[in-house]
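*Asks:* Here you go, one structure.
The values are calculated or read from the model by the stated rules, or taken from the named source; none is laboratory data. Not measured: the values here are computed from a predicted model. Every residue, glycine as well, gets a Cβ built from its backbone with ideal geometry; the counts of neighbours run over all protein chains shown.
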Amino acid sequence: MNIHVFAINQIKQLQFTMARSIALILAAVGLMAFTTADAANTAPTPDPSDAEIAMIVVVADTVDVNYGKLAVEKTKNQAVKEFAETMVRDHTAVNEKAVALAKKLGVTPVASETSKSLESNGKAELKKLKALTDSQFDKAYVANEVAYHEAVIDLLDKTLIPSAKNAELKALLKTGRPIFAAHLEHAKMLQSSLSK
Amino acid sequence: MKTVNSVFQFQLFSVCALVVIVLSALTSCSRSSRGGREVGDSSKTLPTAVTVSLVSMQSLQFLPAAVEIKKGDVLEWKNDDLVPHTATSPQFNSGTMAAGQRWRNTFTESGTFPYICNFHPQMKGVVKVK
């Protein structure tokens, strides 16, 4: 009898230990899964290569040139038109420099998630702008220019300039940075005058 | 004998011609340098000490933004930026200057001349001519 009770107790203890182990294992697996998912969400994307940076610069400039060309075509506001002409002129000039430098360095621009995202967002925004007219268009175009230049400056500061390996490419990005900052100021001035 | 005379005459002619050429060249040089000095001495046509001051266009700024020069001096703008610029005022206008281009203006009157870049309104400069 005592032996029977002892055996039952042993089995219960074993079951409890097993249950506790399973619970611990499940908790550990769950924690691992959570940690991995969290890491995947917050892990920085790998640094872009110089070839990817070259493509990002070309796409970023081209997107703004396309916005500018549309604005020159659609706006009736002289200040908006002059701003848009400047965007087309400046971003075309920066693009020419970037392409010439890539050629000089023997770098073929390579598409990346960033360049693809810039391109697809640019197309979507262009579609939205095309549907607008008059002051609605002017305000939307200028607001987009403010947001776009802020995003590109952020990209330059946090990703492109720190990641560039080639000294000439890094120098080109650094030289372009104050130009984009001045464009942003110009766009903000215009935005303020349009809201009056 | 006749042949010897002919040769002598030819040699004499050649030497004379050479002397004339050299003298004429020297006279011409002398006139030219005297003329340069005369022009140089005339403060109305070409001041003796024309200074060329420089303004660099970079990072969407005129550097230096304020320049003080003397009447008759020359100011040269150089576009050291990636993008085109202008140096424009009611008194002068460079027109579009692509990256790397230079443009000069001679200031013949005293005064204060504010100017801008036609493409970038935040780019402002001033030339003070004494």
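*Asks:* When you go through A:VAL146, A:VAL88 one by one, which is the residue that is β-branched (Val, Ile, Thr), closer than 15 Å to A:VAL59 by Cα and at pLDDT 95 or above?
*Replies:* Criteria check complete, one pass: A:VAL88.
*Asks:* What are the residues in region A:71-87 that are surrounded by fewer than 19 Cβ atoms within 10 Å (Cβ to Cβ) and of a type in the set (A, V, I, L, M), if any?
*Replies:* A:VAL72, A:ALA79
*Asks:* Just to check your reading of the model, which residue among A:ALA143, A:ALA147 is under 16 Å from the mean Cα position of the chain (by Cα), closer than 16 Å to A:VAL65 by Cα and either of a type in the set (Asp, Glu) or more than 11 Å from chain B (Cβ to nearest Cβ) (or both)?
*Replies:* Within the list A:ALA143, A:ALA147, the selection yields A:ALA147.
*Asks:* Failed condition for B:VAL67, given (1) in a strand (DSSP E or B); (2) over 30 Å from A:LEU190 (Cα atoms), with all others met?
*Replies:* Only one criterion in (1) in a strand (DSSP E or B); (2) over 30 Å from A:LEU190 (Cα atoms) is unmet by B:VAL67, namely (2).
*Asks:* Continuing with this model, one more query. Among the residues of region A:97-134, write down those that are within 19 Å of A:LEU173 (Cα to Cα) and out of contact with any helix residue (DSSP H, G or I) (no Cβ under 9 Å at 6 or more places or on another chain).
*Replies:* A:ALA100, A:LYS103, A:GLY106
*Asks:* I would also like to ask the following. Within region A:73-99, track down each residue that is touching a residue at least 12 places away in the same chain (Cβ under 8 Å) and more than 14 Å from chain B (Cβ to nearest Cβ).
*Replies:* Residues satisfying the conditions are A:LYS74, A:THR75, A:LYS76, A:ASN77.
*Asks:* Just give me the residues in region A:98-118 being in contact with a Ser or Thr (Cβ under 8 Å, 6 or more places away or on another chain), surrounded by 13 or more Cβ atoms within 10 Å (Cβ to Cβ) and assigned to a helix (DSSP H, G or I), in sequence order.
*Replies:* Residues satisfying the conditions are A:ALA102, A:THR114.
*Asks:* Would you confirm whether or not region A:100-109 contains a residue that is within 14 Å of chain B (Cβ to nearest Cβ), among the hydrophobic types (A, V, I, L, M, F, W, C) and free of Cβ contacts under 8 Å to residues at least 24 places away in the same chain?
*Replies:* Yes, because at least one residue in region A:100-109 is within 14 Å of chain B (Cβ to nearest Cβ), among the hydrophobic types (A, V, I, L, M, F, W, C) and free of Cβ contacts under 8 Å to residues at least 24 places away in the same chain.
*Asks:* Please indicate, with yes or no, whether at least one residue in region A:156-167 is among the charged types (D, E, K, R), within 14 Å of chain B (Cβ to nearest Cβ) and within 27 Å of B:ASP81 (Cβ to Cβ).
*Replies:* No, region A:156-167 has no match at all.
*Asks:* Another one. Mind listing whichever residues of region B:62-116 are more than 14 Å from every other protein chain (Cβ to nearest Cβ), on the phi > 0 side of the Ramachandran plot and surrounded by fewer than 19 Cβ atoms within 10 Å (Cβ to Cβ)?
*Replies:* Of everything in region B:62-116, just one residue is more than 14 Å from every other protein chain (Cβ to nearest Cβ), on the phi > 0 side of the Ramachandran plot and surrounded by fewer than 19 Cβ atoms within 10 Å (Cβ to Cβ), namely B:GLY111.
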